[in-house]
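Please read the structure below before turning to the comments.
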């Protein structure tokens with residue numbers, strides 16, 4: 001990304017015991033794009049799933065928490081091996097709980113239904 005890219009991409013950062021995070025937010029997102037040690041440059045928090053299951057709720061809670069409370073500019077939820085319609089059809093909590101949540105307009109959903117083929121993306125509050 002060149003010398004001008006000033007962010008670090010970190011995977012599975014353990015937030016347990018972090019003094020700036022509330023105990024209920026001690027979560028480990030799959031990836032964060034940030035400058036370690038300062039919240040002012042928190043950029044993107046990312047969760048990745050290959051299955052549609054109950055853990056998706058936890059992922060959306062994590063994304064919304066980091067965006068709303070810890071100054072991340074956006075959240076990205078990547079679902080591979082599925083189309084967006086699969087997510088809509090099999091995960092009804094999207095409409096009920098997450099679509100109307102504070103910060104839902106800064107959570108992007110990206111689906112990759114087959115290897116190497118990006119389907120599309122949508123913002124959580126527009127799903």
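Of note:
- Residue in region 6-15 that is at pLDDT below 90, out of contact with any helix residue (DSSP H, G or I) (no Cβ under 7 Å at 6 or more places or on another chain), under 19 Å from residue 127 (Cβ atoms) and surrounded by 11 or more Cβ atoms within 10 Å (Cβ to Cβ) present: no
- Within region 96-117, tally of residues that are loosely packed, with under 12 Cβ neighbours inside 10 Å and more than 16 Å from residue 56 (Cβ to Cβ): 6
- Members of region 86-119 found to be under 17 Å from residue 52 (Cβ atoms) and in contact with a strand residue (DSSP E or B) (Cβ under 7 Å, 6 or more places away or on another chain), listed by number: 87, 107, 109, 110, 111, 112, 119
- In region 35-47, the residues that are within 16 Å of residue 65 (Cβ to Cβ), touching a strand residue (DSSP E or B) at 6+ places or on another chain (Cβ under 6 Å) and at pLDDT below 75: 42
- Some residue of region 82-92 being within 24 Å of residue 32 (Cβ to Cβ) and surrounded by fewer than 16 Cβ atoms within 10 Å (Cβ to Cβ): no
- Of the strands (runs of 3 or more DSSP E) contained entirely in region 57-127, those carrying at least 1 residues that are at pLDDT 90 or above fall at 74-80, 107-112.
The values are calculated or read from the model by the stated rules, or taken from the named source; none is laboratory data. Only a predicted model underlies this, so the values are computations on that prediction, with no experimental measurement involved. Using ideal geometry, Cβ is built from the backbone for each residue, glycine included, and neighbour counts are taken over all protein chains shown.
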